[in-house]
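Single-structure report; data block below.
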Amino acid sequence: QVQLVESGGGLVQAGGSLRLSCAASGRTFRTAMAWFRQAPGKEREFVAAISWNSGSTYYADSVKGRFTISRDNAKNTVYLQMNSLKPEDTAVYYCASRDGAPYVHIDNYNSWGEGTQVTLSS
């Protein structure tokens with residue numbers, strides 16, 4: 001099992017940037033990592049995912065070109081760099097992990113963090 005702790009959320013103006021971090025502990029070797037988000041009244045949705053060796057990355061269409069997922073396996077940390085933020089990016093952002101290849105569907109992930117709030121002001 002993998003334990004995940006997110007950080008880096010906060011209040012930011014539209015057009016601004018934030019970098020989220022997710023610190024992992026436990027059995028992290030060869031795990032794919034992903035970010036999901038959940039806005040008030042909406043279902044949790046996929047944002048980005050990355051393979052163990054960073055060779056493969058995937059993004060939701062809504063964030064493509066604005067967000068970048070990366071990881072530092074030496075630090076057991078995955079990042080989500082968010083640029084050109086929009087009010088619709090307001091959500092709780094969750095980090096998730098799974099053994100093997102990255103997937104975009106929520107049901108493929110079995111370890112989750114508690115989430116970090118990102119709020120955009122217009």
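Please pick out the residue among GLY65, GLY15, GLY9 that is in contact with a Leu (Cβ under 7 Å, 6 or more places away or on another chain), farther than 14 Å from TYR109 by Cα, small (Gly, Ala, Ser) and surrounded by fewer than 17 Cβ atoms within 10 Å (Cβ to Cβ). Even if it seems obvious, please write down each step before you answer.
On the way: GLY65 fails: in contact with a Leu (Cβ under 7 Å, 6 or more places away or on another chain); GLY9 fails: surrounded by fewer than 17 Cβ atoms within 10 Å (Cβ to Cβ).
Result of the check over GLY65, GLY15, GLY9: GLY15.
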Give the stretch 43-73 a look and list any residue that's part of a strand (DSSP E or B) and of a type in the set (A, V, I, L, M), or say none. VAL47, ALA48, ALA49, ILE50, ILE69
Would you mind telling me which numbered condition in (1) in a loop (DSSP other than H, G, I, E, B); (2) open to solvent by 60 Å² or more (accessible area, probe 1.4 Å) ASP107 fails? (1)
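Residues ASN83, ASN73: which one is in contact with a Phe, Trp or Tyr (Cβ under 8 Å, 6 or more places away or on another chain), of a type in the set (S, T, N, Q), farther than 24 Å from ASN108 by Cα and surrounded by fewer than 17 Cβ atoms within 10 Å (Cβ to Cβ)?
It is ASN83.
I'd like the residue in the stretch 24-35 that is more than 11 Å from the chain's Cα centre (by Cα) and small (Gly, Ala, Ser) and, out of all such residues, is least open to solvent (accessible area, probe 1.4 Å). First the steps, then the outcome.
Just the residues of the stretch 24-35 that are more than 11 Å from the chain's Cα centre (by Cα), to begin with: 24-32.
If we keep only those that are small (Gly, Ala, Ser) too, we end up with 24-26, 32.
On the way: ALA24: 18, SER25: 56, GLY26: 55, ALA32: 0 Å².
Only one residue tops the list, namely ALA32.
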Just checking, how many residues over the stretch 89-104 are part of a loop (DSSP other than H, G, I, E, B) and under 15 Å from THR57 (Cα atoms)? 5
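When you look at ALA101, is it at pLDDT below 95 and at negative phi, yes or no?
Values: at pLDDT below 95: yes; at negative phi: yes.
Here the answer is yes, as ALA101 does meet what is asked.
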Taking the stretch 111-122 on its own, how many of its residues are assigned to a loop (DSSP other than H, G, I, E, B) and either open to solvent by less than 90 Å² (accessible area, probe 1.4 Å) or free of Cβ contacts under 8 Å to residues at least 24 places away in the same chain (or both)? 2
If only one of ALA60, ALA48, ALA96 is open to solvent by less than 60 Å² (accessible area, probe 1.4 Å), farther than 18 Å from SER21 by Cβ and in contact (Cβ under 8 Å) with a residue 12 or more places away in the chain, which one is it? ALA60
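The values are calculated or read from the model by the stated rules, or taken from the named source; none is laboratory data. No experiment lies behind these values; they were computed from the predicted model shown. Every residue, glycine as well, gets a Cβ built from its backbone with ideal geometry; the counts of neighbours run over all protein chains shown. For accessibility, only protein heavy atoms count, side chains too; no ligands or nucleic acids. Shrake-Rupley method; radii C 1.70, N 1.55, O 1.52, S 1.80 Å.
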